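Student: Provided herewith is a single structure, encoded as structure tokens, for subsequent inquiry.
The values are calculated or read from the model by the stated rules, or taken from the named source; none is laboratory data. Not measured: the values here are computed from a predicted model. Positions of Cβ are backbone-derived with ideal geometry, glycine not excepted, and every protein chain shown enters the neighbour counts. Just the protein is used for accessible areas: all its heavy atoms, side chains included, with ligands, DNA and RNA removed. Shrake-Rupley method; radii C 1.70, N 1.55, O 1.52, S 1.80 Å.
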Amino acid sequence: LGINTEQQHSTGQHRTTQKQKQSELTMDLLFSRIQELSASRNPSDELELSKLLKTNDKNLATTEIVQNALGILTPETHTSAYLWFLARQGEKPAHQAVFIANSNRVMDVVPGHQLARSPKLFCRVCHLYAKFYIDQQKPICAIRPLQRAISLVQPSPAHLTPIHRLLFKAILLSRCYHVGRQILSVDIYKLDRKRTDVSVQDFLEFCYQSGMIYIGSKDYQKALQQFRLAFTIPCYSVSAISVEIYKKYCLVSLLAHDKLVPLPSFAMQTGRDLSHRCVAYTEICSAYALSNTVKIETVAGTYADTFESDHNFGLVKQCITACLRKNIRQHTQTFLTLSVADIATNVGLASVKDAEKHVFQMIESGQVHASISQREGMVSFLDDPESYDNNASIRRLDQEIRRINALSLKVRDLDQQISSSEQYLKKVGGGSSGGVASSSSSSSSSLADPSAWPSSDMEVADSDQHLGRLLSY
């Protein structure tokens, strides 16, 4: 019996050794095929490589194989495969420091046109890169590398990429608003799904985050423009991101224009759907229209929990202050001089000192032109001292004319692209009445056709986890 047991044990070991050798041989052949396909520049080979990696995901994602693969592959030659294994390395907490070093190497040595061939993989690597520094409470360290990453894969400075939202999140968390404003100084209006893999979620988050950057800079006019941009794309239903944008749109509109600026006519149905979902904000706007600070404070108290959970209570407080100052400005249209005590009584301030403080801050910011006599307790309202006949005014006028001319050229170029696109000509030739707004260009304009987007925008961001990430700013 002992002899038979030993023979069985020996036979089992032999079979196990054979299986291991076969497995190693199969893995060597698989890796050789991956090297061959990733070194090729043929689009069909790229597609085969993607299928091969997806099919063998579990076998290739082990720590040992990932480490060996990154040691053998070169990012310049085997870009797609290297990015795939690099993303798997970034998902393993124990190897994230090495992952950061390898990611920096990719950004330094790989040409942009090679990275642009694998936009999804490169974006995944950038996502893990940004997540590492955010988890380490060092989002500022991710800003420059992500800027570099965007410059590598952008067909032009006007193109939006999925990496923009990662960069803007790092900017917002580190409060480096000046960096965000510098990036936004170049108009970003081109969305090319084929070349950059940008999605509707990327676009909506871009609108949200860029608006938040301008809010952080106290530039409410530009923040409003960015939020308004989110409602210009065709959609069949309201998304969760759009709801959050509309909430801030209402409050920023009051701060920028002292009223709720209506959405464009083609977005009126969307506006009605949004207003039903944002009752607290529409009531704030209604109270503001009455110039009644007491009413605004009442609404703010009633919906305090809603505003707090939405992280918008700070903006609500600013709206209350803005309404007070709006009422003070209205006195300039009626009075040449007025006592500080009368101003406090008319606008509903608790004390003369509060009224004097508000008037002083308004003079300092240029909202009103006036002088305060503390001895007499009087405010004298003055005319605007700016005559607009100096060199600074001429330079500003020249800059605005140049900006408008540049914008006109961009609109003309987009119009020509849409008019000459094959898809648009087919629709027009087929008797479709969709027009320009319902068509899209064949290459660069990818927002104009609603059929290109999900059937329901709620698919974009309807989870509590995603909303929590948005509201963490």
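Student: Can you tell me which of 353-366, 389-402, 137-150 comes out highest on packing, and rank the rest after it, using the mean Cβ neighbours within 10 Å? Show your work: numbers first, answer last.
Tutor: Values: 353-366: 15.4, 389-402: 9.9, 137-150: 18.1.
The most tightly packed comes first, giving 137-150, 353-366, 389-402.
Student: Moving to a separate point now. Which angle from 0 to 90°, rounded to the nearest 10, does the C-alpha axis of helix 313-331 make with the longest principal axis of the chain?
Tutor: Value to nearest ten degrees: 30.
Student: All other residues with a Cβ under 14 Å from the Cβ of residue 186 taken together, and with Lys, Arg as +1 and Asp, Glu as -1, what is their net charge?
Tutor: Values: positive: 181, 190, 222, 403, 410; negative: 187.
Spelling it out: positives minus negatives among the neighbours equals +4.
Student: Also, quick follow-up: With contacts defined as alpha carbon pairs under 8 Å and 6 or more residues apart, what's the relative contact order of the chain in percent? Could the numbers behind the result be given before it?
Tutor: Working: 513 pairs, mean separation 49.0, N = 473.
RCO, the chain: 10 percent.
Student: On average, how much accessible surface per residue is there in the chain, in Å², for a 1.4 Å probe, leaving out ligands, DNA and RNA? Let's see the in-between values first.
Tutor: Working: 25410 Å² over 473 residues.
Using a 1.4 Å probe on heavy atoms only, each residue of the chain averages 54 Å².
Student: What list of ³J(HN,Hα) values in whole Hz, one per residue of region 50-64 in order, does the Karplus curve 6.51 cos²θ - 1.76 cosθ + 1.60 (θ = phi - 60°) give from phi, with Gly and Pro shown as x?
Tutor: 4, 5, 5, 5, 5, 5, 9, 4, 5, 6, 8, 8, 5, 4, 5
Student: How would region 35-125 be classified by its alpha-carbon gyration tensor: rounded, prolate or oblate, with rounded meaning a/c under 1.5 and the a/b versus b/c comparison settling the rest? Before the final figure, lay out each step's value.
Tutor: Values: a/c = 1.77, a/b = 1.18, b/c = 1.49.
Taking the square roots of the gyration eigenvalues as a ≥ b ≥ c, region 35-125 is oblate.
Student: On to the next question. Counting Lys and Arg as +1 and Asp and Glu as -1, each charge on the Cβ, what is the dipole of the chain about the Cα centre in debye, to the nearest 20? Kindly include the intermediate steps, with their values, before the conclusion.
Tutor: Values: 51 positive and 46 negative charges, 132 e Å.
Charge dipole, the chain, about its Cα centre: 640 debye, nearest 20.
Student: Answer with one residue from 322, 335, 385: the one whose Cα lies farthest towards the positive end of the charge dipole of region 304-394, charges on Cβ with Lys, Arg +1 and Asp, Glu -1.
Tutor: About the Cα centre, the residue reaching furthest to the positive side is 335.
Student: What is the distance in Å between the Cα centres of region 264-290 and region 306-332?
Tutor: Region 264-290 and region 306-332 have Cα centres separated by 17 Å.
Student: With Cα extents along the principal axes in Å as the read-out, I listed (i) 115, 64, 45; (ii) 92, 51, 39; (iii) 64, 54, 49; which label goes with the value calculated from this structure?
Tutor: Checking each listed value against the structure points to (i).
Student: Something else about it: Using only Cα atoms, tell me the angle between helix 163-174 and the longest principal axis of the chain; keep it within 0 to 90° and round to the nearest 10.
Tutor: The angle comes out at about 60 degrees.
Student: In addition: Taking loop as defined by DSSP and a crowding limit of 15 other beta carbons within 10 Å, which trypsin sites (Lys or Arg not before Pro) in region 220-314 fit? It would help to have the intermediate numbers written out before the result.
Tutor: Values: sites: 222, 228, 247, 248, 259, 272, 277, 295; in loops: 259.
Filter output for region 220-314: 259.
Student: Would you list which lysines come within 24 Å of residue 190, measuring only between C-alpha atoms, while excluding same-chain residues fewer than 8 positions from it?
Tutor: List returned: 120, 169, 222, 410, 426, 427.
Student: Report the local net charge at residue 98: Lys and Arg +1, Asp and Glu -1, summed over other residues whose C-beta lies under 15 Å from its C-beta.
Tutor: +1
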